[in-house]
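Working notes for the structure below.
The values are calculated or read from the model by the stated rules, or taken from the named source; none is laboratory data. Worth saying up front: this structure is predicted, and the values here are computed from it rather than measured. Don't worry about glycine lacking a Cβ; one is built from the backbone with ideal geometry, like all the others, and counts go over all protein chains shown.
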Amino acid sequence: MRKKPWQKNRRLLPLILGSFVLLLSLAVLALAFLPQLKVSDVRVAGATYVDVSALEQVASAREGQPLAFTDLNALEEDLSAVQGVKAAKATRHWPNTVRVVITERTAIAQLESGGSTSLVDSSGAKLPANAANPASLPRLVVDPATPNVEATESALLDITRVLPPNLRAALTKATANSPSSVTLEVATQAGPRTVVWGGPEDSELKARVLEALLNQPGAVIDVSSPEAPTIR
């Protein structure tokens, strides 16, 4: 009795599968052990003020690893830990290159606290001294006598972060001796204004009220109760 074609093909199936597994194994071995497919070139782009040598030192630890099995997520996390780096994106480029593009943090203020001055971004992360021109940024000053330094710093940063661009550009200084007693100094065409802000709550409403009152006569604007502001 003659065997049907499908019966013959079924007998060949183990041989076909075995050949496929063998080829796959050889491919994996090649990716893992061929010197030509190991990382020998790591390129980092996007840095303007971040220490390039620090980035290269982190990235160079991947040299010699099989490109196919290099953990790019771990590399991105390690690079993001470098001061001034907000995020990093790594990609493979065959046969032996890893390319990384970093995004730097943006300085929004000078934070004066605990006897030191640091450039900080909107999250409060401290940045290298060359991240921005300090003269172009507002000063956030924490009273040395404040009992809660961390919360006071956070309040100053929260308020600065929510200010619309025109108010942030006009802000020259913010001081606080507690999280609920923030005072701003704002430059206007009519001269400097002192703004009693209070705490970070209702900051968006306070900012809108301040914009409406900023050019009114008076040296001191109190928006700590934004529904009942005063000028004196």
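For this structure, a couple of remarks:
- Within segment 199-232, the set of residues being buried (at least 17 other Cβ atoms within 10 Å of the Cβ), among the small types (Gly, Ala, Ser) and free of Cβ contacts under 8 Å to residues at least 40 places away in the same chain comprises Ser224 only.
- Filter result (buried (at least 18 other Cβ atoms within 10 Å of the Cβ) and under 28 Å from Ala107 (Cβ atoms)) within segment 55-77: Leu55, Val58, Ala59, Leu75
- Residue match in segment 86-99 (condition: modelled with pLDDT of 95 or more, part of a strand (DSSP E or B), surrounded by 14 or more Cβ atoms within 10 Å (Cβ to Cβ) and not assigned by TED's automatic domain parsing to the domain that holds Val58): no
- The single condition from (1) within 15 Å of Ala107 (Cα to Cα); (2) among the small types (Gly, Ala, Ser); (3) in a helix (DSSP H, G or I) that Ala151 fails is (1).
- Top-ranked residue in segment 169-198 [being more than 19 Å from Lys126 (Cα to Cα) and charged (D, E, K, R); ranked as surrounded by the most Cβ atoms within 10 Å (Cβ to Cβ)]: Arg193
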